[in-house]
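Here's the structure, in structure tokens; my notes come after.
Each value in this text was obtained by applying a stated rule to the coordinates, not by laboratory testing. If you're wondering where the values come from, they're calculated on a predicted model, not measured in any experiment. Quick reminder, even Gly has a Cβ in these numbers, built from the backbone with ideal geometry, and neighbours come from all protein chains shown.
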Amino acid sequence: MDFQWIELVQSVAVVCGIATVLAIFMVIADATIGNYGKKKLIINNDKEFEVEAGHSVLTTLKEQGIFIPSACGGRGSCGLCKLQVDEGGGDYLPTELPWITEEEQKENIRLCCQLKMKNDLKVTIPEELFNIREYEVKVDKVIDLTHDIKGITFAFQGDDEMDFKAGQFVQLEVPEYDLCEETIYRAYSIASAPSDNKRFDLQIKYVSNGICTTYVHKHMEEGETITMNGPYGDFYLSDTDSELIFMAVGSGMAPIISILLDMAEKGIDRKATFLFGVRTMKDLFIVDELKELEKKLPNFKFVPTISRPDETKQWDGETGRLTEILPKYLKNPEKTEAYLCAGENVINSYKAKLMELGIPEDKIYFDSFG
Amino acid sequence: MKQSPQLSKAEDAMKPGVITKEGFLGSDHRHLVDVLIEDDAEVARLGLTHEIIAEKMKLFKEEGLKGEGLTIDVGENFEVNVESVRGKLACPFGEPGLISKNNVGVINKKTKKKIYFTDFHIHMIEKHGFYQGIGSPYRVSPKELMETLEIESIYQK
């Protein structure tokens, strides 16, 4: 019996000894194998930073206060964070290639969330991205615009302010909560006029299991502080006299309302029509504000459209899908620019109809959130 | 059945933080091969095939797309909404290319049951017979799909 006990204790001691040696080995490996030391990051052959290597280029740039648009927070699933890497990038990684066209490969465009900073690196970054900053903003007001869309006003604190163009978007950082073990970023279009650079509005629709939308709809409270960065994007009004047709459904209204408010403030009274689609009357929101804009912009017409009218409620407006009513409102396609905000499939459907009706493809601008 | 090296590689890719933050296996600690075998058996028991299920899911997606971003009635029993979600995902089984993430929501008005799936689910079910692990927030079980989408069993035909 004593002998069996001694054998058991010896076995346990051996197992513990091996585990300890392995743990020490892993600690040493972690500190050395992945340690690339300090490297140079040269931007636009102008700015030079000495950085701790080993992280993704996206993270490394963020640590230097340079924000590259990314909707997935660096997971390689949105393909937005493309950047020209002039030197030091090495070969393309399998996780980058599905996102990079052959044309882009010739220009050394890389997906900077996947590319790790292992060597000295030279990159080219468009100047406008240097205006992007990270801010701590206060959630000033949260209102229900509809049963599934919230309107949130964020206020900059202290001396902070953000200049943006109507139609641009920001990225919100979702803090850790039960659906989200580490912070992630999600992109949303600004829904307010750029004249107020101390505040901005977002319109966020609830998506089942959506990490950010669940946080906004079920956890976000007035008064709390949120981290965000921006502004991003090139979906803004051209400086021409062309007629305008805007098309959006639901929360796709956000960048368009920002553009319209900006037009009203600046007195840009181009002939404009906003075709806005929802399913039922209970899905309509800020109709009064948009009708008010018709008074400020005499050449502007707001066309709320319901795809499934309720027979028990009176509705004198348009019914059907936006592509069905489009021919009625598009009078001079060759002189019209179209501005669309919707998911990728819907954009494709709108584009096809607009082109069929005679709008040239290069006059169709869109903010696709898909 | 023993798990092949290919399935072990796919199982690794399904862990949290590799392709998606949450991964695809949830709290399921079984090997991928066992997850696949069990769902395969369930599909057979229901009198279905993965292809039949995937075809019906595709049909609802195609009908939903006609709503142009708005919820649309499909037949008398269903409401369907298709929304594009930004981003694409790689297949954990290593197939080339990326799969888009159109979100399809189907409500069966008769039973009040709701189900949400994406292009990614359709691909996983059609090509790999994979419905995600038990406890995964994005798992859609064969039975749930059959009941909500009213997929006819071959035993009923």
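Of the strands (runs of 3 or more DSSP E) that lie entirely inside the stretch A:145-247, those containing 3 or more residues that are within 14 Å of chain B (Cβ to nearest Cβ) and either over 15 Å from the mean Cα position of the chain (by Cα) or surrounded by 14 or more Cβ atoms within 10 Å (Cβ to Cβ) (or both) span A:169-174, A:184-189. Checking A:L111, A:L129, A:L93 one by one, the residue that is touching a residue at least 12 places away in the same chain (Cβ under 8 Å) and touching a helix residue (DSSP H, G or I) at 6+ places or on another chain (Cβ under 8 Å) is A:L111 and no other.
Here A:V303 passes the criteria (1) free of Cβ contacts under 8 Å to residues at least 24 places away in the same chain; (2) surrounded by 15 or more Cβ atoms within 10 Å (Cβ to Cβ); (3) hydrophobic (A, V, I, L, M, F, W, C) except the one numbered (1). Considering the stretch A:348-370, and only residues there that are out of contact with any helix residue (DSSP H, G or I) (no Cβ under 8 Å at 6 or more places or on another chain) and surrounded by 15 or more Cβ atoms within 10 Å (Cβ to Cβ), the residue that is nearest to the other protein chains (Cβ to nearest Cβ) turns out to be A:N348.
Can you name the residue in the stretch B:90-148 that is in contact with a Pro (Cβ under 8 Å, 6 or more places away or on another chain) and within 10 Å of chain A (Cβ to nearest Cβ) and, of all such residues, is surrounded by the most Cβ atoms within 10 Å (Cβ to Cβ)? Selected residue: B:A90. Taking the criterion of being aromatic (F, W, Y) and under 18 Å from A:A187 (Cβ atoms), the residues of the stretch A:117-159 that qualify are A:Y135, A:F154.
Of the strands (runs of 3 or more DSSP E) entirely within the stretch A:78-138, those holding at least 3 residues that are within 22 Å of the chain's Cα centre (by Cα) occupy A:82-87, A:109-111.
For the stretch A:296-347, the candidate set comprises residues that are within 19 Å of A:P255 (Cβ to Cβ) and of a type in the set (V, I, T); within that set, the residue that is nearest to the other protein chains (Cβ to nearest Cβ) is A:V346.
Rundown of residues vs (1) of a type outside the set (G, A, S); (2) out of contact with any Ser or Thr (no Cβ under 8 Å at 6 or more places or on another chain); (3) assigned to a loop (DSSP other than H, G, I, E, B), yes/no style:
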position	(1), (2), (3)
B:A10	no, yes, no
B:D28	yes, no, yes
B:L36	yes, yes, no
B:A41	no, yes, no
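For the stretch B:46-79, the set of residues classified as outside any loop (DSSP other than H, G, I, E, B), within 14 Å of chain A (Cβ to nearest Cβ) and of a type in the set (D, E) consists of B:E62, B:E63, B:D73, B:E79, listed by residue number.
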